[in-house]
Amino acid sequence: MTGPAPTAAAAPAAARLPRLVLASASPRRRDLLAQVGIQPDSITATHIDETPLPRELPRACAIRLARAKVESASASPEELVLAADTVVAAGRRILGKAGDADEAAGFLRLLSGRRHRVITAIALRRPDRIVERAVETAVRFKRLSEPEIEAYLASGEWRGKAGAYAIQGRAAAFIPWIGGSYSNVVGLPLAETVALLTGAGYPALAAA
């Protein structure tokens with residue numbers, strides 16, 4: 001009399017996927033990640049001093065701040081932590097977030113009729129190390145009239161934006177040309193971000 005048929009070996013447990021923490025309160029960065037199908041497991045705001053150091057160059061400033069955001073985020077060592085920082089650079093001068101309308105007007109007058117750079121640094125904390133990448137896009141503004149500047153200030157769109165403008169909003173009318181990544185100017189270079197996440201074992205492309 002034969003015994004019961006052998007049961008199939010249990011399938012191996014699925015590999016545990018890393019959890020992703022977005023260390024940013026920026027709705028723009030959340031929207032950009034969602035655009036390529038990435039939904040962070042959790043979002044945490046960071047509070048760091050974003051003042052540039054004396055004589056600090058724009059690229060170095062962006063990298064330092066992105067790394068500081070990752071390091072200050074509350075997350076377990078096994079989780080991936082993603083942070084970014086965007087700076088607008090007119091030559092060696094860093095244009096951060098304008099404190100008031102007068103400072104925003106000064107930024108817009110400085111950018112008027114000239115080319116500038118937008119640099120976003122990405123930092124990703126992996127369990128073994130922090131990896132960083134900085135992406136640069138050239139942006140050219142048309143020459144702005146005073147009525148155009150005043151109307152843009154009245155819109156309030158400049159608030160909380162590096163360089164006092166948002167390319168994805170009304171300021172698109174000021175920008176006839178960019179050289180490089182558009183999403184980088186919005187606040188997160190998507191191709192480079194996905195590459196960093198994929199390299200860390202996060203299934204970014206599969207999620208997209």
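The numbers here are math on the coordinates, done by the rules we state, and not lab data. None of these values were measured; they are calculated from a predicted model. Positions of Cβ are generated from backbone atoms using ideal geometry, with glycine treated the same way; all protein chains shown enter the neighbour counts.
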Using only alpha carbon pairs under 8 Å that are at least six residues apart, calculate the relative contact order of the chain and give it in whole percent.
21 percent
Whole-Hz couplings from phi, Karplus 6.51/-1.76/1.60, listed for the range 48-62; x for Gly and Pro:
10, 7, 9, 5, x, 6, x, 6, 6, 7, x, 4, 5, 5, 4
When averaged across all projection directions, what area in nm² does the alpha-carbon convex hull of the range 44-170 cover?
8.2 nm²
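Kindly state, to the nearest 0.05, the FRET efficiency for Leu57 paired with Gln35, given R0 = 41 Å and r defined as their beta-carbon distance.
On the way: r = 30 Å, r/R0 = 0.74.
The calculated FRET efficiency here is 0.85.
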³J(HN,Hα) computed for each position of the range 141-150 - Karplus, 6.51 cos²θ - 1.76 cosθ + 1.60, integer Hz, glycine/proline x
8, 6, 6, 8, 7, 4, x, 5, 5, 5
Estimated Rh, the range 18-60: Kirkwood, alpha-carbon pairs, angstrom:
12.4 Å
Listed by chain and number, the lysines with an alpha carbon less than 30 angstrom from that of Lys69, same-chain partners under 8 positions apart left out, are Lys97, Lys161
Summing -39500 (n - 2.57) over the DSSP H runs of n ≥ 4 in the chain and dividing by its residue number, what mean residue ellipticity at 222 nm do you reach, to the nearest 500 deg cm²/dmol?
-8500 deg cm²/dmol
Rounded to whole Hz and in sequence order, give me ³J(HN,Hα) for the range 194-199 from the Karplus expression 6.51 cos²θ - 1.76 cosθ + 1.60, θ = phi - 60°, writing x for Gly and Pro.
4, 5, 5, 5, 4, x
The range 66-120 - Rg (one decimal) and Dmax (whole number), Cα, Å
15.6, 48
Let me know the Rg and Dmax you get for the range 100-178 when you use only its Cα atoms, in Å.
15.2, 53
Given H placed on each backbone N at 1.01 Å, which residues far from Lys97 in sequence or on other chains put an amide H within less than 5 Å of it?
Gly163
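Suppose every Lys and Arg Cβ carries +1 and every Asp and Glu Cβ carries -1, with no other charges. What dipole size does the range 20-207 come out with about its Cα centre, to the nearest 20 debye?
On the way: 25 positive and 20 negative charges, 135 e Å.
For the range 20-207, the charge dipole is close to 640 debye.
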